[in-house]
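Worksheet for the structure shown next.
Every number here is computed from the coordinates shown, using simple stated rules; none is lab data. All values reported here derive from a predicted model rather than from experimental measurement. All Cβ positions, even for glycine, are placed from backbone atoms using ideal geometry, and neighbour counts span all protein chains on display.
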Amino acid sequence: MNHYVNQLQVITEESLISFITCPYKFYYEFLEKKKRPYDWRQIVQHVVNKVVSSYYQVPIEQRHSGKVLSLIEFYWDKVSPQIFESRIQYYLVVAKMTDCLIQYLTTETKQIPPLFLFKRFNTYVEELDVDLSLTFDVAEWSESSFVIKKYLLEATPEMLDLYFHLSIVFSEKVLKRSPQRMEVVTLMDGKKHVFHPTVGDIEEGLTYLQGMKLLIEDSSGYVKNHNENECPVCPFQSICDRDGRKASPKKYYS
Ligand code: SF4
């Protein structure tokens with residue numbers, strides 16, 4: 001593996017998540033652009049996004065647990081049990097997802113649909129000298145408040161940290177406004193993570209992203225940061241050169 005990745009031109013939420021999961025995974029997926037097979041987590045997350053997006057768009061009087069159930073039934077219909085590691089896992093995942101979506105979506109009482117629903121933004125950030133790309137899943141905006149929400153299958157503390165930093169920097173740069181509150185619901189453990197940004201968080205967010213960019217651009221650090229725990233379920237196992245045995249002399253560009 002080449003030790004220096006040429007200067008990054010674009011950083012996306014997905015690429016950063018891949019990087020903090022395992023730098024080698026990021027390398028194969030986003031620099032070498034190797035195709036990876038879809039796994040059950042991606043497919044279930046896609047279903048969750050569809051249910052959330054549809055639910056927020058129905059009129060308030062139709063928003064209740066029955067509606068959540070009918071949307072899940074509709075979007076879950078094409079999910080094959082074969083993509084899961086076992087039948088038990090298939091049933092557990094759908095049960096937890098259903099429980100949690102009913103619990104949190106039915107408490108949403110705002111009459112007006114969110115201003116942004118799964119809207120992707122790109123912007124150049126001068127301090128980072130890079131284009132940033134982020135999707136606002138659910139963003140409620142009024143004169144007096146700005147709240148962003150996300151429904152994820154699961155998230156590690158590092159992913160939550162990343163998401164909060166990225167959202168604050170992004171909100172300031174694109175919308176010229178910081179959110180009053182950010183909420184991330186993690187469906188597999190049923191938790192809601194709430195974060196209230198303060199004035200200093202924009203600087204902290206920029207520092208965090210500058211640090212990430214440096215880490216990404218110097219691949220000599222990948223070996224010490226790679227994540228052995230991910231290896232058993234990693235789609236790049238057969239080509240991964242984390243131990244140097246399959247090192248390639250190619251030069252890589254972002
Ligand atoms: S096999 Fe392991 S070290 Fe290699 S990319 Fe996957 S998770 Fe990272």
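Observations, loosely collected:
- This ranking places CYS100, CYS240 by how few other beta-carbon atoms lie within 10 Å of each, fewest first, which gives CYS240, CYS100.
- Take every pair of alpha-carbon atoms less than 8 Å apart whose residues are at least six positions apart; their mean separation over the length of region 40-105 yields a relative contact order of 41 percent.
- Choice from TYR38, TYR151, TYR124 with maximal GNM fluctuation in the chain (Cα, 10 Å cutoff): TYR38
- Cross-link pairs exceeding 30 Å between alpha carbons, from the set LYS34/LYS192; LYS34/LYS191; LYS110/LYS192; LYS119/LYS192; LYS34/LYS150; LYS25/LYS192: LYS34/LYS192; LYS34/LYS191.
- Under a 5 Å amide H cut-off, with hydrogens placed 1.01 Å from N, ILE11 pairs with ASP131, LEU132, SER133 among residues at least 5 apart or on other chains.
- Rounded to the nearest 20 debye, the dipole magnitude of region 96-216 is 420 debye, with +1 charges on Lys and Arg beta carbons, -1 on Asp and Glu beta carbons, and the Cα centre as origin.
- Relative contact order (percent, whole number), region 1-121, Cα cutoff 8 Å, 6+ residue spacing: 24 percent
- Dipole size of region 40-105 about its Cα centre, with +1 on Lys/Arg Cβ and -1 on Asp/Glu Cβ: approximately 100 debye, rounded to the nearest 20.
- Percent of C-alpha pairs per 10 Å bin in region 27-138, short distances first: 12, 33, 30, 20, 6.
- q = 0.07, 0.12 Å⁻¹, the chain: log10 I(q)/I(0) [Debye, one scatterer per Cα]: -0.27, -0.80
- The charge dipole of the chain, taken about its Cα centre with unit charges on the Cβ of Lys, Arg, Asp and Glu (plus for the first two, minus for the last two), comes to roughly 740 debye.
- Positive-end extreme of charge dipole, the chain - chosen from SER86, SER171, GLN111 (charges on Cβ): SER86
- Placing one equal scatterer on every Cα of region 113-240 and applying the Debye formula, the log10 ratio I(q)/I(0) at q = 0.19, 0.21 Å⁻¹ is -1.18, -1.31.
- Taking a straight line from the alpha carbon of LYS67, these aspartates and glutamates sit under 17 Å away, with near neighbours fewer than eight places off in the same chain left out: ASP77, ASP99, GLU108.
- Highest-MSF residue in the chain out of LYS191, LYS67, LYS110 [GNM, Cα springs under 10 Å]: LYS110
- Of ALA139, ALA155, ALA95, the one that fluctuates the most in a GNM where the chain has Cα springs shorter than 10 Å: ALA95
- Share of Cα-Cα pairs in region 40-105 lying beyond 15 Å, as whole percent: 49 percent
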